1. How many residues does region 13-28 hold that are surrounded by 10 or more Cβ atoms within 10 Å (Cβ to Cβ) and under 19 Å from Met1 (Cα atoms)?
2. Output the number of residues of region 29-74 satisfying the condition of being closer than 13 Å to Asn4 by Cα and hydroxyl-bearing (Ser, Thr, Tyr).
3. Determine whether region 34-45 contains at least one residue that is over 21 Å from Thr19 (Cβ atoms), modelled with pLDDT under 95, in contact with a helix residue (DSSP H, G or I) (Cβ under 8 Å, 6 or more places away or on another chain) and of a type in the set (Ser, Thr, Tyr).
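The values are calculated or read from the model by the stated rules, or taken from the named source; none is laboratory data. On a predicted model such as this, the values are computed, not experimentally measured, just so you know. Cβ sites come from the backbone with ideal geometry, for glycine too, and all protein chains shown count toward neighbours.
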Amino acid sequence: MLENLKAIICEYVDVDPDTITADSNLRSDFGLNSLDIINLAVAIEDETGVSITDKKMASFYTLGEVAEYLESVKVG
């Protein structure tokens, strides 16, 4: 899941995919603001088919948190 998220992030932010980790912070490492985070949620939903509410997406700080949530929803 993390690899899929890396690819999505790279579509939005000019960043080397090799530098992205589960601990990468959506705001400070990628410079995303609240609107960017919501747009990222839409892209993730389109790619994964998993719905993420705006409130839920805003609660995530790291890429790993997003990946864990997606994995838990897909399994659950």
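1. Final tally of qualifying residues: 10.
2. Adding up the residues that qualify gives 1.
3. yes
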